[in-house]
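For reference, the structure discussed in these notes is given below.
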Amino acid sequence: MTASPLPEQIAHKLRRDILRGTLAPGDPIKERDNAEELGVSRTPLREAVRILAKEGLVQLRPARSPVVADPSLKEVRDAVAVLRALEVLSGELACREASDEEIAEIRALSERHLVLSETATGDGLIELFELDMAFHTAIARASHNPALAETHAAYLARMWRQRYLSAVQRRARERVRSQHENIVAGLEARDPARVASEINAHLAALASNLTRLFEAREAGRDLAADLTGID
């Protein structure tokens, strides 16, 4: 397998640091310090930061270090509303357009997620989250609508940090396993109404979780005790 270009490798590392909170919202990404820490030159680091800026994870600033994005609750809820519409449409179209092989791939991703969710801890939670996002991306691709899949990928990237924060909650694990299973069952039955209903419920829970997380952050409450599962 061909290795990813260096800027993409660096972007992957920084993306995971943002998910972990090693790079917190509002933190600067200092070019010299980060390049030295990663053992790379400034040019690929700069390109990696541009990748993350396009995804909405980083904000570029003229003549100043870029910073990790810190969107408001309204910005996040607006993005969730768009993502919800995109995923519902993706699911409905996939019921009609997806091949049996594509639906089998989505089933396989759901089953891998189920198995890993039983034991994931530490960095395994990030791997589990990435598998969850691969599940949703596969549904968008199975719509066979390139414009829709591209727009979905852009919004999914923009919501990466917030969706992860919702994901790593212990109490959500069983609900998500059930919703993923129901989404797959709806796809296998080619039942767009069922798929739309399950995806709507899935994204409604995301919006609710994020509202709770923002309220807890504003109140200064520590949610670390709850961050041991996956959504």
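Backbone geometry of segment 156-167 corresponds, through the Karplus equation with coefficients 6.51, -1.76 and 1.60 at θ = phi - 60°, to 3J(HN,Hα) couplings of 5, 4, 4, 9, 3, 5, 5, 5, 5, 4, 5, 5 Hz, x marking Gly and Pro. When only Cα pairs below 8 angstrom with a gap of at least 6 residues are kept, segment 111-178 shows a relative contact order of 31 percent.
Using helices alone, I'd like the mean residue ellipticity at 222 nm for the chain: each DSSP H run of four-plus residues gives -39500 (n - 2.57), total over residue count, nearest 500.
Per the formula, -24000 deg cm²/dmol.
Backbone geometry of segment 27-40 corresponds, through the Karplus equation with coefficients 6.51, -1.76 and 1.60 at θ = phi - 60°, to 3J(HN,Hα) couplings of 5, x, 9, 7, 4, 5, 4, 5, 5, 5, 4, 8, x, 10 Hz, x marking Gly and Pro. Within the straight-line cut-off of under 20 Å between alpha carbons, the aspartates and glutamates reachable from Lys13 are Asp27, Glu31, Asp33, Glu36, Glu37, Glu47, Glu55, Asp70, Asp123, Glu127, Glu130, Asp132, sequence neighbours fewer than 8 places apart in one chain being disregarded. Positive-end ranking of Ile183, His152, Ala94 along the dipole of the chain, with charges on Cβ about the Cα centre, is headed by His152. What whole number of Å gives the distance from the Cα centroid of segment 172-200 to the Cα centroid of segment 5-84? When both Cα centres are located, 32 Å separates them. Positive contributions from Lys and Arg (+1) and negative ones from Asp and Glu (-1), summed over other residues with Cβ under 12 Å from the Cβ of Leu86, come out at -1. Of the listed values (1) 18.0, 55; (2) 19.4, 58; (3) 17.0, 51, grab the one calculated as Rg and Dmax of the Cα atoms in Å from the structure here. Read-out from the structure maps to (1). Listed by chain and number, the lysines placed with their C-alpha closer than 24 angstrom to that of Lys74 are Lys54; residues fewer than eight positions away on the same chain are left out.
Sequence gap at least 6, Cα distance under 8 Å: using those rules, report the relative contact order of the chain to the nearest whole percent.
On the way: 279 pairs, mean separation 55.1, N = 231.
It comes to 24 percent, rounded to a whole number.
Annotation: amide H of Met159 has no partner in the under-5 Å range at sequence separation 5 or more or interchain, hydrogens built in the peptide plane. Surface composition of the chain: carbon and sulfur atoms hold 52% of the protein heavy-atom accessible area at a 1.4 Å probe.
Ligands, DNA and RNA are left out, and with a 1.4 angstrom probe the accessible area of the chain is 50 Å² per residue.
Using a cutoff of 8 angstrom between alpha carbon atoms and counting only pairs six or more residues apart, the relative contact order for segment 1-72 works out to 37 percent.
The values are calculated or read from the model by the stated rules, or taken from the named source; none is laboratory data. Please read all numbers here as calculations on a predicted model, not as lab measurements. All Cβ positions, even for glycine, are placed from backbone atoms using ideal geometry, and neighbour counts span all protein chains on display. SASA here: full protein model, heavy atoms, side chains in, ligands and nucleic acids out. Shrake-Rupley method; radii C 1.70, N 1.55, O 1.52, S 1.80 Å.
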